[in-house]
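Worksheet for the structure shown next.
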Amino acid sequence: MLSKVQIYILKIKNMVSNMAKKIASISAMILCVVIFSGLLALADEQQTQQRVTSLGGAEFTLSENLPQNNNTAPTNRAPKGAKSFAVVLGAGTPLPNPYKMGPSFVVVSNGYPYFIDCGEGAWRGMSKACIAHGWLTNSFDLNTLKYLFITHLHCDHTVGIPSWVLNAYKCGSKASKEIYGPKGTEAMMKNIMAAWKIDINDMLYGVTKSSKKGVTIATHEIDDDGLIYQDKNVKVYAYRKYHGNIKDNFAYRFECEDGRIFAFTGDGFSCPGLLQACKDADVAFVEVMSKENIADVPWANKAQVEYITHNYHMWPEELALMQKESGLKKLVLIHEQNFAPVEKYSRLGLLEECKRAGVKEPVFSSVDGDVY
Ligand SMILES: [Zn+2]
Ligand SMILES: [Zn+2]
């Protein structure tokens, strides 16, 4: 017979052994959870690394295209009664800013439009400008959409061409197109026509026969600086300039019949050709890239950013120097590249940075639909 004390000791032994088993099983569970979480974290990190690498090594920020801060009404800053003026159809960059179309502008002289660059949304940009300024409608008669001058063949400046050409025909325009641009423009236009052959044939032979004569395009490739086009409304001059690896690219100078002069520099930093285009211009439309927020640039790593910003784009202090040297009268910022983090982003942040770098008034940060 076991004594009461022996029974008590046995019970305690059982209890301890049960507890040890429970602790062992809980420990095993905890270990599993820890290992599983570790694997998840590793997978997540690998995914992040993959995403970052695919964007060129920098964290992708969308500050420039977040809707907040970015929407503002267009303004008419042209002198009252001016017979010539310029309209911003697209003040944007390659980033998908929902309020800024791709780079695209138009000079209207004596009521006739001359387009400069044709970025994403240029076709729709005309409507947007007309909604803001009803009187502009007269400047965009379908049969006057004829002349286009391309600064360079980067896609953000040209991706709107198929729309600008083909939708005009689809809507019944009878104007043939005259497209001026650097070497490569002719091949681009031929390829655009080939790519939309089915649609063009439908316009020619389909039910609507919206373009009985066909889509007619004449391209003029520019080689040298100087006068490239003239009629009773305008004289257009082209000047070679620098924009990274894009060898053939031009700034344009429009001398209008009423004496007003407009310059469009396209992308690139200050150089003799760009200064010639802007010399004493009434209004110069010039790109600019932030230097202060360059560390936040989304599409390149530090070394690439150094190269790109030194070889492709205009910094605020260069812009200040260019403004002074060219004698331009009114500066309009376009193609603004401001990569401030979302929490610091301001629509006018780059304009302020330009002023800190020495850019003088009058200078404006443009929005789509502005008139100058
Ligand atoms: Zn560009
Ligand atoms: Zn470019």
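The values are calculated or read from the model by the stated rules, or taken from the named source; none is laboratory data. These figures come from a predicted structure and were not determined experimentally. Positions of Cβ are generated from backbone atoms using ideal geometry, with glycine treated the same way; all protein chains shown enter the neighbour counts.
Across the range 337-362, the number of residues qualifying as outside any helix (DSSP H, G or I) and at negative phi comes to 14. Between E186, E120, E178, the distinction of being under 26 Å from the mean Cα position of the chain (by Cα), surrounded by fewer than 21 Cβ atoms within 10 Å (Cβ to Cβ) and not in a helix (DSSP H, G or I) belongs to E178 only.
Among the numbered conditions (1) more than 30 Å from G111 (Cβ to Cβ); (2) modelled with pLDDT of 95 or more, the only one that A251 does not meet is (1). D156 satisfies every condition listed in (1) buried (at least 17 other Cβ atoms within 10 Å of the Cβ); (2) more than 17 Å from the chain's Cα centre (by Cα); (3) closer than 20 Å to P98 by Cβ except (2). A73 meets all of the listed conditions (1) small (G, A, S); (2) at pLDDT 95 or above; (3) closer than 26 Å to S346 by Cα but one, namely (2).
For the range 230-288, residues that are touching a His at 6+ places or on another chain (Cβ under 8 Å) and of a type outside the set (A, V, I, L, M) total 9. The range 230-300 holds strands (runs of 3 or more DSSP E) entirely within its bounds, and those carrying 3 or more residues that are away from ligand 2 (no atom under 16 Å from the Cβ) and in contact (Cβ under 8 Å) with a residue 12 or more places away in the chain map to 234-240, 250-256, 261-264.
Selection of the range 291-325 for residues being among the small types (G, A, S) and closer than 13 Å to V359 by Cβ yields only A320.
When you check A168 against the structure, is it over 30 Å from G273 (Cα atoms) and part of a helix (DSSP H, G or I), yes or no? For A168, the condition - over 30 Å from G273 (Cα atoms) and part of a helix (DSSP H, G or I) - is met. Taking (1) outside the structural domain of G102 (by TED's automatic domain parsing); (2) more than 16 Å from ligand 2 (Cβ to nearest atom) in turn, M188 satisfies each apart from (2).
Only one entry of I228, I200, I217 meets the criterion of being among the aliphatic types (A, V, I, L, M), modelled with pLDDT of 95 or more and closer than 21 Å to L145 by Cα, and that entry is I228. Any chance the range 224-232 includes a residue that's among the basic types (K, R), away from ligand 1 (no atom under 16 Å from the Cβ) and either on the phi > 0 side of the Ramachandran plot or crowded, with 17+ Cβ neighbours inside 10 Å (or both)? Scanning the range 224-232, I find no residue that is among the basic types (K, R), away from ligand 1 (no atom under 16 Å from the Cβ) and either on the phi > 0 side of the Ramachandran plot or crowded, with 17+ Cβ neighbours inside 10 Å (or both), so the answer is no. Within the range 108-127, can one find any residue that is farther than 27 Å from R260 by Cα and within 16 Å of ligand 2 (Cβ to nearest atom)? Within the range 108-127 (the criterion being farther than 27 Å from R260 by Cα and within 16 Å of ligand 2 (Cβ to nearest atom)), the answer is yes, since at least one residue qualifies. Return yes when Q304 is over 29 Å from M126 (Cβ atoms), touching a strand residue (DSSP E or B) at 6+ places or on another chain (Cβ under 9 Å) and either assigned to a loop (DSSP other than H, G, I, E, B) or in the same structural domain as H243 (by TED's automatic domain parsing) (or both) and no when it is not. For Q304, the condition - over 29 Å from M126 (Cβ atoms), touching a strand residue (DSSP E or B) at 6+ places or on another chain (Cβ under 9 Å) and either assigned to a loop (DSSP other than H, G, I, E, B) or in the same structural domain as H243 (by TED's automatic domain parsing) (or both) - is not met.
Just one of the listed residues (T137, T151, T158, T144) is away from ligand 1 (no atom under 16 Å from the Cβ) and within 16 Å of I179 (Cα to Cα), and it is T144.
The single condition among (1) outside the structural domain of D117 (by TED's automatic domain parsing); (2) out of contact with any Leu (no Cβ under 8 Å at 6 or more places or on another chain) that H154 does not satisfy is (1).
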